[in-house]
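The values are calculated or read from the model by the stated rules, or taken from the named source; none is laboratory data. Please read all numbers here as calculations on a predicted model, not as lab measurements. Cβ placement follows ideal geometry from the backbone for every residue including glycine, while neighbour counts extend to all protein chains displayed.
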Amino acid sequence: MFRRVLHLPPRRSALILGPRQTGKSTFVAQILPEGAWTVDLLRHDQFLRYSKDPALFRREVEERARRGVRVVFVDEVQKVPALLDEIHGLIEKQKLRFILTGSSARKLRRGGANLLAGRAATLRMHPLVVEEHGEAFDLERALRLGALPPVIAAPDDDARTLLRDYAETYLREEVQAESLVRNLGGFARFLDIAAAQSGELLNTAAVGRDAALAARTVSEYFQILEDTLLAFKLEAWRKGARARLVAHPRVFLFDTGVTNALNRRLTGALDPSMRGRLFEQWLFLECRRMLDYAQSEARLFFWRTNHGAEVDLLVEKHGKLRAAVEIKSTRRVAGADLVGLRSFAEDNPGVPRFVVTPAAEPHRLEDVLVTGWRDFLGQFGEWV
């Protein structure tokens, strides 16, 4: 059991979105008060009953409310989006608190469901952050196997099996069963390429050529990954919002272990290039998760010039850049590693600059702070 850092607003309804196996149901089960009523839409009998007659759900909730039930938990609500209309009315009339979980905001929106705006807080649950691991956190294992709770709790061989099954499960259940795409073979080819290019600049035309898909279809598939929280975009930073919109983003899959499973790299040694990409992906994801849990207004970007100078991560809040960060998996940092940060400083003087490595005693190199990831994340928590 892991102690999660996600906090629900007291006495208010909440919709928790997140990929399968991130621990949504387990988390809610731990905090449900005695006497709460649970509806599990992964159970075929309950799914069929409420799919055929969503109003039945309202009648049953009203009856339980008369018996004293004040909290209702609905697991995987996206499977019957029409229930959200019933829940909306029940929150208003019965003053009940609903805790809902789901893995696909896209399925909810495509079903025409209202997302309870103003009636319920919408929160996200991710794989584990370092704080939730506790003292047992192992960076090398995180780079290889990721941070899904069942994977963390399993021995290495079992963890690899879980990850292989997980990749297949999403193709079969989350995509096919939820009817998010029609061309399952094309999506499978796309997902392999998306995993191989995780962290690279998004070029839908190039991905389309490799996957034998139209660029428009590739864009739609990337949107599916975002809507199911299976991937996150890191936008390019420019001075001015208009310029940001025309730059190609980078796209990261949501978990290093799932990325490795799709790339068939769960065993064998990691070469320096792959290890560097995984370390960068892991650190970006850790920061992205921390922002969500803090409900912060800070944003993350990367910076790149037409000449190829690049900074891996920028932290911005309320219009001010708090940090420019280069991410290096090597334990030794030399002047040659600061090219991007030097170029960035010419156009953006005064922004604190960092190089983050797997382990380092903090020290200065050309007015750049070289530091280990633990110290950096501590400072990041103060910025957000």
* Those residues of the range 359-376 which are buried (at least 18 other Cβ atoms within 10 Å of the Cβ) and out of contact with any Pro (no Cβ under 8 Å at 6 or more places or on another chain), in sequence order -> Ala360, Val368, Phe376
* Asked: Among the candidates Val71, Val28, Val77, which residue alone is of a type in the set (A, V, I, L, M), buried (at least 16 other Cβ atoms within 10 Å of the Cβ) and free of Cβ contacts under 8 Å to residues at least 40 places away in the same chain?
  -> Val71
* Is it the case that the range 236-247 has a residue that's surrounded by fewer than 16 Cβ atoms within 10 Å (Cβ to Cβ) and in contact with a helix residue (DSSP H, G or I) (Cβ under 9 Å, 6 or more places away or on another chain)? -> yes
* Asked: at pLDDT below 95 and touching a strand residue (DSSP E or B) at 6+ places or on another chain (Cβ under 7 Å): does that describe Arg353?
  -> no
* To do: State whether the residues of the range 286-301 include one that is within 21 Å of the chain's Cα centre (by Cα), within 27 Å of Leu162 (Cα to Cα) and of a type in the set (S, T, N, Q).
  => no
* To do: Find the residue count for the range 254-274, including only residues that are in a helix (DSSP H, G or I), touching a Leu at 6+ places or on another chain (Cβ under 7 Å) and not β-branched (Val, Ile, Thr).
  => 4
* free of Cβ contacts under 8 Å to residues at least 24 places away in the same chain and more than 23 Å from the chain's Cα centre (by Cα): does that describe Asn348? -> no
* **Residue list for the range 26-45, restricted to those being under 28 Å from Pro10 (Cβ atoms) and of a type outside the set (A, V, I, L, M, F, W, C)** => Thr26, Gln30, Pro33, Glu34, Gly35, Thr38, Asp40
* **Subset tally (residues that are without any contact (Cβ under 8 Å) to a residue 40 or more places away in the chain, in a helix (DSSP H, G or I) and surrounded by 14 or more Cβ atoms within 10 Å (Cβ to Cβ)) for the range 121-143** => 1
* To do: Might you check whether a residue that is crowded, with 20+ Cβ neighbours inside 10 Å and closer than 26 Å to Glu140 by Cα occurs anywhere in the range 303-312?
  => yes
* Structure fact -> Within the range 330-339, the residues that are at pLDDT below 95, buried (at least 17 other Cβ atoms within 10 Å of the Cβ) and not β-branched (Val, Ile, Thr) are Asp337
* **Which listed residue, of Gly208, Gly185, is part of a helix (DSSP H, G or I) and at pLDDT 90 or above** => Gly208
* Asked: Which residue pairs have Cβ atoms closer than 8 Å, lie 6 or more positions apart in sequence or on different chains, and pair a first residue in the range 280-297 that is assigned to a helix (DSSP H, G or I) with a second residue that is among the acidic types (Asp, Glu) and surrounded by 20 or more Cβ atoms within 10 Å (Cβ to Cβ)?
  -> Glu280/Asp312; Phe284/Asp312; Leu285/Asp255
* To do: State whether one or more residues within the range 315-333 are free of Cβ contacts under 8 Å to residues at least 60 places away in the same chain, within 22 Å of Val129 (Cβ to Cβ) and in contact with a Ser or Thr (Cβ under 6 Å, 6 or more places away or on another chain).
  => yes
* When Pro81 is evaluated against the numbered criteria (1) outside any helix (DSSP H, G or I); (2) touching a Phe, Trp or Tyr at 6+ places or on another chain (Cβ under 9 Å); (3) modelled with pLDDT under 95, which criterion, by number, is the only one it fails? -> (2)
* Some residue of the range 166-173 being over 20 Å from Ser104 (Cβ atoms) and surrounded by fewer than 16 Cβ atoms within 10 Å (Cβ to Cβ) -> no
